[in-house]
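Undergrad: One structure coming up, written as structure tokens, with questions to follow.
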Amino acid sequence: MCKILVVSDVHGRLRDLRWVLAHETADAMFYLGDGLYDLNAALEMCKPPIPYPIYRVAGNCDVNYSEPSEGLAPFGGVLFFYTHGHHYGVKMGSERLAESAGERGADVALFGHTHRRELVRGVGTAATVFNPGSLRDGGSYGVITIKDGHCEFSWKRVPAL
């Protein structure tokens with residue numbers, strides 16, 4: 001079994017991001033942009049360092065960062081396409097993103113940008129699109145559990161501190 005965290009759109013909610021990093025265990029994290037400054041600051045404060053890889057992309061508000069705008073990563077027999085989403089017009093729907101992910105052979109497309117939690121199966125040629133929501137707006141982040149090549153998607157919220 002593999003557990004993956006999905007975080008997006010922190011926009012200055014460093015406290016909430018630090019809570020996720022301190023209280024969640026995982027095999028990996030996808031960080032979907034708009035708050036790379038926050039991620040870097042939170043990681044500097046982590047003692048001991050985070051023991052899992054963090055796959056990150058730049059969002060539309062991360063203008064001074066050299067991270068790519070998208071990527072592909074395999075976990076537990078599932079290929080993930082991850083991006084912030086602004087280059088795919090996700091505020092108007094996730095069809096374009098799903099199609100692009102499917103063209104790359106991805107099983108799941110991960111995105112942020114809209115600040116809304118979303119899970120849609122069977123869009124375009126990608127099996128699933130998933131948005132964790134926003135840590136800033138609602139304290140929401142995603143958790144994906146992979147067992148025998150099948151994904152279970154859920155959302156969690158950072159507790160009121």
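FYI, it's all coordinate maths here, none of it is from the lab. Remember, predicted model here, so these are calculated numbers, not experimental data. Backbone-built Cβ (ideal geometry, glycine too); neighbour counts: all protein chains shown.
Undergrad: Distance from the Cα centre of segment 71-112 to that of segment 2-69, in angstrom?
TA: Here the two parts' Cα centres lie 18 Å apart.
Undergrad: Of Tyr65, Leu14, Gly93, which is farthest along the charge dipole of segment 2-157 in the positive direction, counting Lys and Arg as +1 and Asp and Glu as -1 at C-beta?
TA: Farthest towards the positive end: Leu14.
Undergrad: Which whole-Hz ³J(HN,Hα) couplings does segment 11-25 yield from phi under the Karplus relation 6.51 cos²θ - 1.76 cosθ + 1.60, θ = phi - 60°, glycine and proline marked x?
TA: The phi angles translate into 6, x, 7, 4, 4, 5, 5, 4, 5, 4, 5, 7, 10, 9, 9 Hz.
Undergrad: If R0 is 45 Å, what FRET efficiency do you get for Leu43 and Glu95 from their C-beta distance, rounded to 0.05? Please list the in-between numbers first.
TA: Values: r = 34 Å, r/R0 = 0.76.
Computed FRET efficiency for Leu43 and Glu95: 0.85.
Undergrad: Then there's this: Please list, by residue number, every one of the chymotrypsin sites (Phe, Trp or Tyr not before Pro) in segment 1-45 that is coil in DSSP and has at most 16 other beta-carbon atoms within 10 Å.
TA: Filter output for segment 1-45: empty list.
Undergrad: Taking volume of the Cα convex hull per residue in Å³ as the quantity of interest, determine which of (1) 110; (2) 161; (3) 99 was computed from the displayed structure.
TA: Working out volume of the Cα convex hull per residue in Å³ from the coordinates points to (3).
Undergrad: May I pose another question? What number, rounded to the nearest 500 deg cm²/dmol, is the helix-based mean residue ellipticity at 222 nm of the chain, given -39500 (n - 2.57) per DSSP H run of at least four residues and division by all its residues?
TA: -5000 deg cm²/dmol, from helical runs alone.
Undergrad: Starting from the Cα of Ser69, step 7 Å along the direction of its Cβ; do the same at Ala160; then give the gap between the two resulting points in nm.
TA: 4.0
Undergrad: Please enumerate, by chain and number, the lysines with C-alpha under 28 Å from the C-alpha of Lys91, excluding those fewer than 8 residues away in the same chain.
TA: Within the straight-line cut-off, Lys91 pairs with Lys3, Lys156.
Undergrad: For a label point 7 angstrom out from the Cα of His23 toward its Cβ, which stretches of segment 127-161 have the backbone nitrogen within less than 15 Å?
TA: 135-136, 138-143, 155-161, by backbone N distance to the label point.
Undergrad: If you don't mind, another one. Over the chain, what is the percentage of antiparallel beta bridges among all DSSP beta bridges, to the nearest 5?
TA: In the chain, approximately 65 percent of DSSP beta bridges are antiparallel ones.
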